[in-house]
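The values are calculated or read from the model by the stated rules, or taken from the named source; none is laboratory data. As the structure is a prediction and not an experimental result, all values here were calculated from the model. Here the Cβ positions follow ideal geometry from the backbone for every residue, glycine too, while neighbour counts run over all protein chains shown. Areas reflect the complete protein model, heavy atoms only, side chains present, ligands, DNA and RNA absent. Shrake-Rupley method; radii C 1.70, N 1.55, O 1.52, S 1.80 Å.
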Amino acid sequence: MLFDKVEVSAGEGHAPVVLKNRIMRSATYEGIAAPDGSMTPQLQREMERLAEHNVGLVVFSYFFTEECSRASEFQLSMASDAAAESCREAVRL
């Protein structure tokens, strides 16, 4: 059961998300984002490594959504469109 595919509802009007297994890595603080909060190549490689090692769902990074809620210099940001855009490739994994 742990290694079976599973469908997760994405809400009314949206197709379900299909996960390749039930293995999940919850959000963590990696401390390797750029000082401006954008994705770095090192953080991108970490997300790729998780995907390559069959983690079915990655809730990535402890990130901030407003500058006033930033807890660390190297914390990932979702406080601007530009910062969120820097994460686009990792989301595609």
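Go through 73, 7 and list them by solvent-accessible area, largest first, probe radius 1.4 Å.
7, 73
So how strong a dipole does the chain carry about its Cα centre when Lys and Arg Cβ are +1 and Asp and Glu Cβ are -1, to the nearest 20 debye?
Dipole magnitude for the chain comes out near 420 debye.
For the stretch 37-80, list log₁₀ I(q)/I(0) at each q in 0.15, 0.29, 0.30, 0.33 Å⁻¹, using the Debye formula over Cα point scatterers of equal strength and ignoring solvent, two decimals each.
Listed by q, the Debye log ratios stand at -0.42, -1.01, -1.04, -1.14.
How big is the chain along each principal axis, measuring the range of its Cα positions in Å and listing the largest first?
40, 31, 20
Determine the relative contact order of the stretch 1-57: mean sequence separation of Cα pairs under 8 Å and six or more apart, normalised by residue count, in whole percent.
Contact order relative to length: 33 percent.
What number comes out for accessible area per residue over the chain if the probe is 1.4 Å? Units Å², please. Write out the running numbers ahead of the final one.
Working: 6230 Å² over 93 residues.
Value returned for the chain: 67 Å² of accessible area per residue.
Rounding to the nearest 10 and keeping the result within 0 to 90°, find how far the Cα-based axis of helix 41-52 lies from the longest principal axis of the chain.
10 degrees
Determine the order of 55, 17 by accessible area, beginning with the largest, at a probe radius of 1.4 Å.
Solvent-accessible surface, decreasing: 17, 55.
Can you tell me the equivalent ellipsoid semi-axes for the stretch 1-40? Use √(5λ) from the Cα gyration tensor, largest first, whole Å.
29, 16, 7
In what order, largest first, do 24, 1, 47 sit by accessible area if the probe radius is 1.4 Å? Present the calculation step by step, with values, prior to reporting the outcome.
Values: 24 110, 1 160, 47 10 Å².
Largest accessible area first, the residues go 1, 24, 47.
Once you place label points 7 Å from the Cα toward the Cβ at residue 21 and residue 72, how far apart are they in nm?
Label at residue 21, label at residue 72, 2.7 nm between them.
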